[in-house]
1. Using the Cα centre of the range 77-159 as origin and beta-carbon charges of +1 (Lys, Arg) and -1 (Asp, Glu), tell me which of 81, 124, 144 is placed farthest towards the positive end of the dipole.
2. On the principal axes of its Cα set, how long, how wide and how thick is the range 52-202? Give whole Å, largest value first.
3. Based solely on its DSSP helices, what 222 nm [θ] is calculated for the chain when runs of n ≥ 4 H residues each add -39,500 (n - 2.57) and the sum is averaged over all residues, nearest 500 deg cm²/dmol?
4. If R₀ is 41 angstrom, what is the calculated FRET efficiency for the pair residue 32 and residue 180, using the beta carbon separation as r and rounding to 0.05?
5. Output wanted: per-residue J couplings in Hz (rounded whole) for the range 82-91, from phi through Karplus 6.51 cos²θ - 1.76 cosθ + 1.60, θ = phi - 60°, x for Gly and Pro.
6. With a 1.4 Å probe and all protein chains kept in place, how do 134, 127, 161 rank by accessible area, largest first?
Amino acid sequence: MRPSSQPKRAAALAAAERQFLATGYESVTMESIAQESGVAKQTLYSHFGSKRDLFLEIVRAQTEGASASVLDPAPTFPDASHAREGLHDLLVAQLTAVLDPRILALRRLVIGELRRSPELAEALYELGPRRAILALTAVVDELCAAGVVRPVDAEQAATQLNWLVMGEPINRAMLLGDAAALSPAQIPAHVEAALDMFFAAYGA
(Lines give C-alpha, C1' and ligand atoms only; values in the text may rest on other atoms or scores of the structure.)
Protein backbone atom coordinates (compact mmCIF):
# COMPACT_ATOMS: atom_id res chain seq x y z
CA MET A 1 0.00 0.00 0.00
CA ARG A 2 1.24 3.49 -0.85
CA PRO A 3 2.31 5.59 2.17
CA SER A 4 -0.32 8.18 1.23
CA SER A 5 -3.01 5.52 1.72
CA GLN A 6 -2.00 4.61 5.27
CA PRO A 7 -3.88 7.46 7.01
CA LYS A 8 -7.06 6.54 5.14
CA ARG A 9 -6.67 2.91 6.10
CA ALA A 10 -6.06 3.80 9.74
CA ALA A 11 -9.09 6.10 9.79
CA ALA A 12 -11.30 3.42 8.27
CA LEU A 13 -10.14 0.78 10.76
CA ALA A 14 -10.66 3.12 13.71
CA ALA A 15 -14.16 4.05 12.59
CA ALA A 16 -15.09 0.45 11.85
CA GLU A 17 -13.83 -0.79 15.20
CA ARG A 18 -15.70 1.91 17.09
CA GLN A 19 -18.95 1.12 15.26
CA PHE A 20 -18.63 -2.66 15.55
CA LEU A 21 -17.98 -2.49 19.28
CA ALA A 22 -20.68 0.11 19.88
CA THR A 23 -23.57 -1.37 17.91
CA GLY A 24 -22.64 -4.92 16.81
CA TYR A 25 -21.65 -6.37 13.48
CA GLU A 26 -24.95 -6.42 11.62
CA SER A 27 -25.90 -2.78 12.12
CA VAL A 28 -22.62 -1.48 10.67
CA THR A 29 -22.36 -0.83 6.94
CA MET A 30 -19.53 0.15 4.66
CA GLU A 31 -21.44 3.38 4.06
CA SER A 32 -21.56 4.21 7.78
CA ILE A 33 -17.83 3.51 8.05
CA ALA A 34 -17.16 5.71 5.03
CA GLN A 35 -19.21 8.55 6.50
CA GLU A 36 -17.44 8.48 9.87
CA SER A 37 -13.93 7.97 8.53
CA GLY A 38 -14.15 10.36 5.60
CA VAL A 39 -12.89 7.59 3.30
CA ALA A 40 -14.84 7.00 0.10
CA LYS A 41 -16.86 3.78 0.08
CA GLN A 42 -15.19 2.60 -3.12
CA THR A 43 -11.83 3.12 -1.42
CA LEU A 44 -12.97 0.95 1.48
CA TYR A 45 -13.86 -1.85 -0.90
CA SER A 46 -10.55 -1.39 -2.69
CA HIS A 47 -8.57 -1.67 0.55
CA PHE A 48 -10.56 -4.33 2.40
CA GLY A 49 -12.76 -6.17 -0.10
CA SER A 50 -15.83 -6.45 2.11
CA LYS A 51 -17.20 -5.62 5.54
CA ARG A 52 -16.44 -9.18 6.62
CA ASP A 53 -12.79 -8.87 5.54
CA LEU A 54 -12.50 -5.52 7.28
CA PHE A 55 -13.82 -7.04 10.49
CA LEU A 56 -11.41 -9.96 10.16
CA GLU A 57 -8.53 -7.52 9.87
CA ILE A 58 -9.65 -5.79 13.07
CA VAL A 59 -9.91 -9.13 14.88
CA ARG A 60 -6.43 -10.11 13.76
CA ALA A 61 -4.86 -6.74 14.53
CA GLN A 62 -6.39 -6.35 17.99
CA THR A 63 -5.77 -9.94 19.06
CA GLU A 64 -2.22 -9.96 17.74
CA GLY A 65 -1.53 -6.60 19.35
CA ALA A 66 -2.78 -7.79 22.75
CA SER A 67 -0.68 -10.95 22.50
CA ALA A 68 2.42 -9.10 21.34
CA SER A 69 2.19 -6.66 24.24
CA VAL A 70 2.77 -9.62 26.59
CA LEU A 71 4.64 -12.23 24.52
CA ASP A 72 7.08 -10.14 22.46
CA PRO A 73 9.89 -10.77 23.01
CA ALA A 74 9.28 -14.41 23.91
CA PRO A 75 9.27 -14.84 27.70
CA THR A 76 12.26 -16.63 29.15
CA PHE A 77 13.45 -17.21 32.71
CA PRO A 78 17.10 -18.32 32.68
CA ASP A 79 17.50 -17.67 36.42
CA ALA A 80 15.71 -20.62 38.04
CA SER A 81 15.65 -18.90 41.43
CA HIS A 82 13.36 -16.20 40.04
CA ALA A 83 11.29 -18.42 37.76
CA ARG A 84 8.08 -18.26 39.78
CA GLU A 85 8.31 -14.49 40.11
CA GLY A 86 8.82 -14.11 36.37
CA LEU A 87 5.98 -16.50 35.59
CA HIS A 88 3.72 -14.59 37.95
CA ASP A 89 4.46 -11.29 36.22
CA LEU A 90 3.89 -12.85 32.80
CA LEU A 91 0.51 -14.30 33.75
CA VAL A 92 -0.64 -11.09 35.44
CA ALA A 93 0.18 -9.19 32.25
CA GLN A 94 -1.57 -11.81 30.12
CA LEU A 95 -4.79 -11.82 32.16
CA THR A 96 -4.80 -8.02 32.31
CA ALA A 97 -4.54 -7.85 28.51
CA VAL A 98 -7.34 -10.37 27.98
CA LEU A 99 -9.68 -8.54 30.38
CA ASP A 100 -9.30 -5.27 28.51
CA PRO A 101 -12.87 -4.16 27.70
CA ARG A 102 -12.05 -3.76 23.99
CA ILE A 103 -10.75 -7.32 23.77
CA LEU A 104 -13.75 -8.69 25.67
CA ALA A 105 -16.15 -6.81 23.38
CA LEU A 106 -14.34 -8.14 20.33
CA ARG A 107 -14.55 -11.70 21.66
CA ARG A 108 -18.29 -11.34 22.19
CA LEU A 109 -18.76 -10.11 18.63
CA VAL A 110 -16.69 -12.95 17.20
CA ILE A 111 -18.67 -15.55 19.14
CA GLY A 112 -21.89 -14.00 17.84
CA GLU A 113 -20.64 -14.42 14.27
CA LEU A 114 -19.30 -17.94 14.73
CA ARG A 115 -21.85 -19.76 12.58
CA ARG A 116 -21.58 -17.31 9.69
CA SER A 117 -17.86 -16.61 9.87
CA PRO A 118 -15.86 -19.30 11.68
CA GLU A 119 -12.67 -17.80 10.28
CA LEU A 120 -13.06 -14.93 12.75
CA ALA A 121 -13.00 -17.28 15.73
CA GLU A 122 -10.12 -19.24 14.23
CA ALA A 123 -8.04 -16.07 13.87
CA LEU A 124 -8.83 -14.98 17.42
CA TYR A 125 -7.98 -18.41 18.81
CA GLU A 126 -4.72 -18.84 16.93
CA LEU A 127 -3.43 -15.32 17.66
CA GLY A 128 -4.73 -15.23 21.23
CA PRO A 129 -5.22 -18.33 23.40
CA ARG A 130 -3.23 -20.70 21.19
CA ARG A 131 -0.25 -18.35 20.97
CA ALA A 132 -0.31 -17.89 24.75
CA ILE A 133 -0.32 -21.64 25.36
CA LEU A 134 2.58 -22.19 22.97
CA ALA A 135 4.57 -19.47 24.72
CA LEU A 136 3.83 -21.06 28.10
CA THR A 137 4.83 -24.45 26.69
CA ALA A 138 8.28 -23.08 25.90
CA VAL A 139 8.47 -21.65 29.44
CA VAL A 140 7.50 -24.98 31.01
CA ASP A 141 10.15 -26.73 28.92
CA GLU A 142 12.69 -24.23 30.20
CA LEU A 143 11.58 -24.75 33.81
CA CYS A 144 11.84 -28.52 33.36
CA ALA A 145 15.39 -28.16 32.04
CA ALA A 146 16.26 -25.93 35.01
CA GLY A 147 14.86 -28.46 37.50
CA VAL A 148 12.12 -26.11 38.71
CA VAL A 149 9.38 -28.34 37.31
CA ARG A 150 9.53 -32.12 37.13
CA PRO A 151 9.53 -33.73 33.66
CA VAL A 152 6.03 -33.38 32.23
CA ASP A 153 4.12 -33.06 28.99
CA ALA A 154 4.97 -29.38 28.64
CA GLU A 155 2.03 -28.42 26.43
CA GLN A 156 -0.47 -30.18 28.65
CA ALA A 157 0.95 -28.53 31.76
CA ALA A 158 1.01 -25.13 30.02
CA THR A 159 -2.60 -25.54 28.93
CA GLN A 160 -3.67 -26.38 32.47
CA LEU A 161 -1.81 -23.40 33.89
CA ASN A 162 -3.22 -21.09 31.24
CA TRP A 163 -6.80 -22.02 32.11
CA LEU A 164 -6.23 -22.04 35.85
CA VAL A 165 -5.45 -18.37 35.35
CA MET A 166 -7.80 -17.47 32.49
CA GLY A 167 -10.84 -19.72 32.76
CA GLU A 168 -13.04 -18.31 35.50
CA PRO A 169 -12.15 -14.62 35.06
CA ILE A 170 -12.82 -14.74 31.31
CA ASN A 171 -16.10 -16.63 31.70
CA ARG A 172 -17.26 -14.21 34.38
CA ALA A 173 -16.40 -11.13 32.34
CA MET A 174 -17.74 -12.52 29.06
CA LEU A 175 -21.08 -13.61 30.51
CA LEU A 176 -21.71 -11.09 33.28
CA GLY A 177 -20.17 -8.00 31.70
CA ASP A 178 -17.12 -5.84 32.17
CA ALA A 179 -18.21 -4.70 35.63
CA ALA A 180 -17.92 -8.30 36.85
CA ALA A 181 -14.31 -8.66 35.69
CA LEU A 182 -11.48 -8.92 38.17
CA SER A 183 -10.02 -5.54 38.99
CA PRO A 184 -6.31 -4.88 38.42
CA ALA A 185 -5.82 -5.07 42.19
CA GLN A 186 -7.39 -8.55 42.33
CA ILE A 187 -5.46 -10.13 39.46
CA PRO A 188 -2.10 -10.75 41.23
CA ALA A 189 -3.69 -12.77 44.06
CA HIS A 190 -5.71 -14.80 41.56
CA VAL A 191 -2.55 -15.62 39.60
CA GLU A 192 -0.68 -16.48 42.80
CA ALA A 193 -3.36 -19.01 43.76
CA ALA A 194 -3.18 -20.59 40.29
CA LEU A 195 0.61 -20.88 40.60
CA ASP A 196 0.22 -22.53 44.01
CA MET A 197 -1.86 -25.25 42.35
CA PHE A 198 0.49 -25.54 39.38
CA PHE A 199 3.64 -25.95 41.46
CA ALA A 200 1.87 -28.28 43.90
CA ALA A 201 1.17 -30.55 40.94
CA TYR A 202 4.35 -30.11 38.89
CA GLY A 203 7.02 -28.63 41.15
CA ALA A 204 10.27 -30.57 41.20
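1. Sorting the options by dipole projection puts first 124.
2. 48, 28, 23
3. -24000 deg cm²/dmol
4. Working: r = 31 Å, r/R0 = 0.75.
For residue 32 and residue 180, the calculated efficiency is 0.85.
5. Karplus-based 3J(HN,Hα) across the range 82-91 equals 10, 5, 5, 4, x, 5, 4, 4, 4, 6 Hz.
6. Details: 134 85, 127 45, 161 0 Å².
Heavy-atom accessible area, descending, gives 134, 127, 161.
The values are calculated or read from the model by the stated rules, or taken from the named source; none is laboratory data. These figures come from a predicted structure and were not determined experimentally. All Cβ positions, glycine included, derive from the backbone under ideal geometry; neighbour counts span all protein chains shown. Calculation scope for accessible area: heavy atoms of the full protein, side chains included, ligands and nucleic acids excluded. Shrake-Rupley method; radii C 1.70, N 1.55, O 1.52, S 1.80 Å.
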